[in-house]
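Input: a single structure, listed below in structure tokens.
Values in this text are rule-based calculations from the coordinates and carry no lab data. What you are looking at is a predicted structure, and each value in this text was computed from that prediction instead of being measured. Neighbour counts run over all protein chains shown; Cβ positions are idealised from the backbone, glycine included.
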Amino acid sequence: MIYMNLLTYLNNTMKPIQKYLIFLVLFLTVGLIVYFISMSNAKPTLQNGTLISPQQVKNAVDAKEKITIVDVRRPEEYKTGHLNNSILLTLDTINTKAAQTLPDKNQMLYVYCRTGKRSAQAVIHLQKMGYANVHSMDGGITAWENLGYGVVK
């Protein structure tokens, strides 16, 4: 109702160019809001094919390959369940603690979080720090558990 009253008022009191400008500003504002909302939900773009499936991680674990699994969630999330033998290195401490926690920059790292968004960000940070073999587990621990794979509590 208020919207209709506003439109009627604007229609009766404004010149056509003013109406056009207001429409343009509203259209651009809505467009920017939609764009920023979609960008905030998007996973960061990963380089060099660094996305790995939960099945590939499980196969590597089962084959006892030489890998390091890194959980970048918060400590309280880690306590609710994590992959066996994973190292907790939260996303917000990765820049300051990665060098001491992960000294070998050539080791095979499989990084995960809850859904894959934070692990993708962590991979980008680690790559910038010089880590050569870093992979983000697609879908995170949620996808892992949905496939029926176990976690440690």
### Message
Condition first: closer than 19 Å to Ile52 by Cα and basic (Lys, Arg). Can you find one or more residues in the range 76-89 that meet it?
### Response
no
### Task
Report those helices (runs of 4 or more DSSP H) wholly inside the range 75-153 carrying at least 1 residues which are touching a Ser or Thr at 6+ places or on another chain (Cβ under 6 Å) and in contact (Cβ under 8 Å) with a residue 40 or more places away in the chain.
117-128
### Summary
In the range 55-64, residues that are under 25 Å from Lys105 (Cβ atoms) and exposed (fewer than 11 other Cβ atoms within 10 Å of the Cβ) total 2
### Extreme residue, surrounded by the most Cβ atoms within 10 Å (Cβ to Cβ), among residues of the range 92-122 that are under 10 Å from Val70 (Cα atoms) and under 11 Å from the mean Cα position of the chain (by Cα)
Ser119
